[in-house]
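The values are calculated or read from the model by the stated rules, or taken from the named source; none is laboratory data. Remember, predicted model here, so these are calculated numbers, not experimental data. Cβ placement follows ideal geometry from the backbone for every residue including glycine, while neighbour counts extend to all protein chains displayed.
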Amino acid sequence: MLNKKSPKLELKDKDTGVYVKDLSTFVVKKPDDMLRVFTEGNMNRHVGMTKMNEHSSRSHSVFTITVESSEMDEEGESHIKVGKLNIVDLAGSER
């Protein structure tokens, strides 16, 4: 979720990659918690009418889900697996 007080997005570059300043990250344990975060972020979007769609979103949205799991091998060493899913809604792409 973007900081509601920040009207301008700032892109930053780190060793880990490009990111947007003032984004929020939430750790969730259950699907219901993830849905709550998604719903709250969606409610913060700006919506307005266009010639193509009277209920069009006027803002892009990216919702990233990162799933991490760890397991021990036979020697007792922990191995972490990470998967990432990006859900993207591009404003103005109704066609």
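Specify which of the listed residues (G92, G76) is modelled with pLDDT of 90 or more and not assigned by TED's automatic domain parsing to the domain that holds K30. Quick ask: steps written out before the conclusion?
On the way: G92 fails: modelled with pLDDT of 90 or more.
Criteria check complete, one pass: G76.
What residue, among those in region 13-59 that are surrounded by 10 or more Cβ atoms within 10 Å (Cβ to Cβ) and of a type in the set (D, E, K, R), is modelled with the lowest pLDDT?
That would be R58.
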